[in-house]
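The next block holds one structure in the form of structure tokens; read it before the comments.
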Amino acid sequence: MIRLEKRPQPSRAWSLATPLVAVLATMVFGGLLFAALGKPPVEAIRTIFWEPLFGEFSFYYRPQLLVKGAPLVLIAIGLSLGFRAGIWNIGAEGQYIMGAICGAGAGLAFYPLEAFYIFPIMVIAGALGGWAWAMIPAILKTRFGTNEILVSLMLVYVAEQFLASVSLGLLKNPEGFGFPGSRNLQAYDSAHNAELIAGTGMHWGVVAALIAVIFAYVLLNRHMTGYHIRLTGEAPRAAKFAGVNPARLVLFCLGMSGALAGLAGMFEVSGPSGQISIDFNVGYGFTAIIVAFLGRLHPVGILLAGGLMALTYIGGDIAQSNLQLPAAAIQVFQGMLLFFLLAFDLLTNFRIAIGKPEVA
Amino acid sequence: MTVPLLSLQGLTKAYPGVVANDSVSFDIGEGEVHALLGENGAGKSTLVKMIYGLVKPDSGQMLLRGAPFAPAEPRAARADGIAMVFQHFSLFDALNVAENIALGMENPPEMRDLAARIREVSETYGLPLDPFRTVGDLSAGERQRVEIIRCLLQDPKLLIMDEPTSVLTPQEVEILFKTLQKLRAEGTSILYISHKLEEIRTLCDHATILRLGKNVGECTPSETSARDMAEMMVGSSLQTPQRKTREFGEVAMAITGLSVPAPSAFGTSLKNVHLTVRKGEILGIGGVAGNGQDELLGVLSGEVLTAADAVKLHGQPIGRHGPTARRALGVLAAPEERLGHAAAPDMSLTENAMLTGSVREGLEKNGFLDWGKTKDFAERIIKAFDVRTPGPGNAARSLSGGNLQKFVIGREVLQNPDVLVVNQPTWGVDAAAAAAIRQSLLDLAAKGAAVICISQDLDELMEISDSFAALNEGRLSAPREAAGLTVEEIGLMMGGAHGMEVAHV
């Protein structure tokens, strides 16, 4: 008989080893999946994990890692604060879109004026846009007790409709020959989130992501608010006893994750993407949920997980074009990663015991 | 000599890291009320679980009327005439009495026949109970009757009762004892688990005392003093808390005309509660569990906010102050539920020291936390209250209940409160540690703090409190001086037998 026994103390070793074991298991079972599809498994795994970093065209892929990883980390850091406290913001995608729209809108309002203050204003507008969008589920939850999971998720679809609307109307490029989409911010110097060092992929969003990691680490480990977040997640009654105001915490966590998602959207639209268009969002807000859990809701873990996730994205793209792997197989591969992570996570608090079961 | 009903021979059961029962042997005679005495963690529960088929012994054997008896599961034990009333009831609030009883039966008869049988049994044994009442409306004493009747319907040879009186008022205890005596007269044996010595002295014919999993002695309770039995349980002489006569100062905390609606469907609403406690005074609040204890603590600690004037500290209204603001003013509290309320299970003791200590111990500056100082504070608690743990880095859930309780109480006592509110301060704590906790409350009062001690343990309240009041369905009785109160008077303050008639057997 195999059964699970609760550990008296969470195991530190397993808590650190789980992500690694999960990645290894994903490689093994992903390899089996690829083999079943008639693709060379070792080659496929190597393409996904090795090619972007050290392959022949890595000079092109490495900057892409930062470009893709930064918004994931930025959003995931914000989400992790709420997740730690049991506040589930599933609508980061919508907050990301609203941040992008507000940031780009603020910049385009000044067009064609060139001034140093335009970009900072866009940063603030982006953060505020995401924050305001997250405040909707937050206030509904604290006022009427609605479920933030549902409200935040449904607001994603509202945000997508809004995005389509402004791409076709309010923010449409007047010189765009009738095509949907805004002016390209890459061509507007004061609003362009350009690479800080050319050819590295390093833009302000990457800097913001790193700052967010440090900020979250200090908040969670050294600050009362972070302590209250952790306490609320682990023992809500004890948190109330400690003096935590649950409503304030909901507002803080949802607001913070909204603002960071909005920032990510703003840095994306003013940099790598360049313009507001109907298909501007590509799912960073949802993938960030995976990143947050893959990083075990720990800031440093999220940084690493964001890198890993970006790697599988880019590696997946390469595998698609080089080996003709179907896109769905890559998605299954990424899904496996989360599945194995959550499954092995069990071992932090439980151990497997082999032997006769005890009753009661 | 006649063959005993149940004979235990060398029962041993080990769990990882602890031997719960170490070669325990004793006999239960026919028609005997046999007490199983011991402190929390002495192995009483494991032992009865083995008899009831919930746990299999590692070694040793049991003989039922001379025949080998090894129940594989409770059903088998029940088939052989063993019945058990658990400390925690397993009843569905939304169903009525008969439905609840039918759920526990192998082949429940027609509801009408079952109801008739319930009536018959309940009348025979002086346990009046309407089979069609909804369990949710019953008092704790009446719920226990449901459990007992459920057992009696099986016509058991041995009835095991696990701490049956912990939820009863003294009057309800009296009714229960009459029933048990009638059962004994009919030849049913009873294995009675308790740590309330006076009860055992009145009821039981024979007692077996367990300590650390071993049978350390047997006695005839009616011929042994409670003190001697207690010392056998603890294994050393007991230190009774010392109380000095104290002068009471001015009123420290007062509640006037407070009514609070129940926070949840299963909570209790507080109704027109008045309470005052003076400096240096210990106010004991008794009552059966679920009569508003948690809610009262919440109101005092600041978890539940009320009208500002309803709660006053030194004459200042603090009803709108949350827990943090109250701590700053010197009002501290230790809730009953250790894991999840008083402490976060997965957090370390250091982190748990921060939970209530941040304000008064200066562990926080501008929102930033001083973990070094917090660790020192946690170590001070561990040392002063003899908390057994490898160190402050261990998770709260890794501590035994008693040790965590010492930590939780110590955390508040060491912060020098002006007013300390505790709920069930020695629940699940061994006798020596309980004495230490009570002593610390007395010392705190001697230094001029006002202490409100909510407890279901009447002996504890009589030992330490200066005045006594009782909670009954959210109402607090007028406080009376504790010295000279009789058990009957206390019982009446607690609401008597909750409207139950004394059995006419």
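The values are calculated or read from the model by the stated rules, or taken from the named source; none is laboratory data. The structure presented is a predicted model; accordingly, all values stated were derived computationally and were not measured. A quick note on method: Cβ atoms are made from the backbone with ideal geometry, for glycine too, and the neighbour counts reach across all protein chains shown. When the accessible area is computed, the model is the full protein with side chains, heavy atoms only, and any ligands, DNA or RNA have been set aside. Shrake-Rupley method; radii C 1.70, N 1.55, O 1.52, S 1.80 Å.
Annotations
- Cβ-Cβ contacts under 6 Å between residues 6 or more apart (or on different chains), taken from a first residue in region B:149-161 that is touching a residue at least 24 places away in the same chain (Cβ under 8 Å) to a second residue that is open to solvent by less than 10 Å² (accessible area, probe 1.4 Å) and among the aromatic types (Phe, Trp, Tyr), are listed as B:Met161/B:Tyr192.
- Members of region B:60-72 found to be over 17 Å from B:Ile160 (Cα atoms), away from chain A (no Cβ under 14 Å) and within 32 Å of the chain's Cα centre (by Cα), listed by number: B:Gly60, B:Gln61
- Some residue of region A:201-220 being touching an Asp or Glu at 6+ places or on another chain (Cβ under 8 Å), surrounded by 21 or more Cβ atoms within 10 Å (Cβ to Cβ) and β-branched (Val, Ile, Thr): no
- So B:Ile82, is it modelled with pLDDT of 90 or more, away from every other protein chain (no Cβ under 14 Å) and open to solvent by less than 10 Å² (accessible area, probe 1.4 Å): yes
- Those helices (runs of 4 or more DSSP H) of region A:1-95 in which 2 or more residues are open to solvent by 10 Å² or more (accessible area, probe 1.4 Å) and more than 30 Å from A:Asn281 (Cβ to Cβ) occupy A:12-36, A:41-49.
- Residue selected from region B:230-261 under the condition open to solvent by 50 Å² or more (accessible area, probe 1.4 Å) and of a type in the set (Val, Ile, Thr), by the criterion modelled with the lowest pLDDT: B:Thr240
- Flag for A:Arg12 being in contact with a strand residue (DSSP E or B) (Cβ under 9 Å, 6 or more places away or on another chain), of a type in the set (D, E, K, R) and more than 24 Å from A:Val158 (Cβ to Cβ): no
- Matching residues, region B:431-476, being closer than 21 Å to B:Glu231 by Cα and among the charged types (D, E, K, R): B:Arg438, B:Asp457, B:Asp459, B:Glu460, B:Glu463
- Every pair of residues 6+ apart whose Cβ atoms lie under 7 Å, when the first sits in region B:124-147 and is in contact (Cβ under 8 Å) with a residue 60 or more places away in the chain while the second is aromatic (Phe, Trp, Tyr): B:Glu147/B:Phe89
- Residue within region B:278-286 that is open to solvent by 10 Å² or more (accessible area, probe 1.4 Å), within 14 Å of chain A (Cβ to nearest Cβ) and of a type outside the set (Gly, Ala, Ser) present: no
- With a requirement of 2 or more residues that are outside the structural domain of B:Gln424 (by TED's automatic domain parsing), closer than 25 Å to B:Ala434 by Cβ and out of contact with any Leu (no Cβ under 6 Å at 6 or more places or on another chain), the strands (runs of 3 or more DSSP E) lying completely within region B:204-295 that satisfy it span B:206-211, B:214-219.
- When each of A:Met266, A:Met224 is tested for being touching a strand residue (DSSP E or B) at 6+ places or on another chain (Cβ under 6 Å) and open to solvent by less than 30 Å² (accessible area, probe 1.4 Å), the lone residue that passes is A:Met224.
For every residue, the table says whether it meets (1) of a type in the set (Lys, Arg); (2) touching a residue at least 12 places away in the same chain (Cβ under 8 Å); (3) at negative phi; (4) assigned to a loop (DSSP other than H, G, I, E, B).
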position: B:Ile409; (1), (2), (3), (4): no, yes, yes, no
position: B:Leu420; (1), (2), (3), (4): no, yes, yes, no
position: B:Gly428; (1), (2), (3), (4): no, yes, no, yes
position: B:Gln439; (1), (2), (3), (4): no, yes, yes, no
position: B:Leu442; (1), (2), (3), (4): no, yes, yes, no
position: B:Val451; (1), (2), (3), (4): no, yes, yes, no
position: B:Gln456; (1), (2), (3), (4): no, yes, yes, yes
position: B:Glu463; (1), (2), (3), (4): no, yes, yes, no
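- Residue, nearest to A:Asn89 (Cα to Cα), within region A:156-194, restricted to residues that are open to solvent by 90 Å² or more (accessible area, probe 1.4 Å) and in a loop (DSSP other than H, G, I, E, B): A:Leu170
- Pick from region B:288-319, criterion acidic (Asp, Glu) and within 21 Å of B:Ser455 (Cα to Cα), ranking: farthest from the other protein chains (Cβ to nearest Cβ): B:Glu295
- Residue that is surrounded by the fewest Cβ atoms within 10 Å (Cβ to Cβ), among those in region B:1-26 that are hydrophobic (A, V, I, L, M, F, W, C) and within 14 Å of chain A (Cβ to nearest Cβ): B:Val18
- The residues listed here are B:Glu460, B:Glu412; of these, the one that is more than 21 Å from B:Glu250 (Cα to Cα) and within 14 Å of chain A (Cβ to nearest Cβ) is B:Glu412.
- A:Leu260 vs. criteria open to solvent by 40 Å² or more (accessible area, probe 1.4 Å) and touching a residue at least 12 places away in the same chain (Cβ under 8 Å): no
- Test: residue in region A:309-321 that is of a type in the set (Gly, Ala, Ser) and open to solvent by 50 Å² or more (accessible area, probe 1.4 Å): yes
Listed here are the residues, each with its yes/no results for (1) of a type in the set (Lys, Arg); (2) surrounded by fewer than 20 Cβ atoms within 10 Å (Cβ to Cβ).
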| site | (1), (2) |
| --- | --- |
| B:Ala72 | no, yes |
| B:Ala76 | no, yes |
| B:Phe92 | no, yes |
| B:Arg119 | yes, yes |
| B:Ser122 | no, no |
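- Any chance B:Arg227 is within 22 Å of B:Ile28 (Cα to Cα) and open to solvent by 10 Å² or more (accessible area, probe 1.4 Å): no
- Looking at B:Phe407, B:Phe377, just one residue is open to solvent by less than 10 Å² (accessible area, probe 1.4 Å) and within 25 Å of B:Leu283 (Cα to Cα), and that residue is B:Phe407.
- The residue that is farthest from B:Pro16 (Cα to Cα), among those in region A:1-18 that are touching a helix residue (DSSP H, G or I) at 6+ places or on another chain (Cβ under 6 Å) and away from chain B (no Cβ under 13 Å), is A:Thr18.
- Verdict on A:Leu153 being among the aliphatic types (A, V, I, L, M), assigned to a loop (DSSP other than H, G, I, E, B) and in contact (Cβ under 8 Å) with a residue 24 or more places away in the chain: no
- Residues that are farther than 19 Å from B:Val422 by Cα, open to solvent by 20 Å² or more (accessible area, probe 1.4 Å) and in a loop (DSSP other than H, G, I, E, B) within region B:299-319 comprise B:Ala307, B:His314, B:Gly315, listed in sequence order.
- One residue stands out in region B:33-59 among those that are open to solvent by 40 Å² or more (accessible area, probe 1.4 Å) and either assigned to a strand (DSSP E or B) or not charged (D, E, K, R) (or both): the one that is farthest from the other protein chains (Cβ to nearest Cβ), namely B:Asn40.
- The helices (runs of 4 or more DSSP H) located wholly in region B:320-395 that include 3 or more residues which are among the aliphatic types (A, V, I, L, M) and within 12 Å of chain A (Cβ to nearest Cβ) occupy B:349-357.
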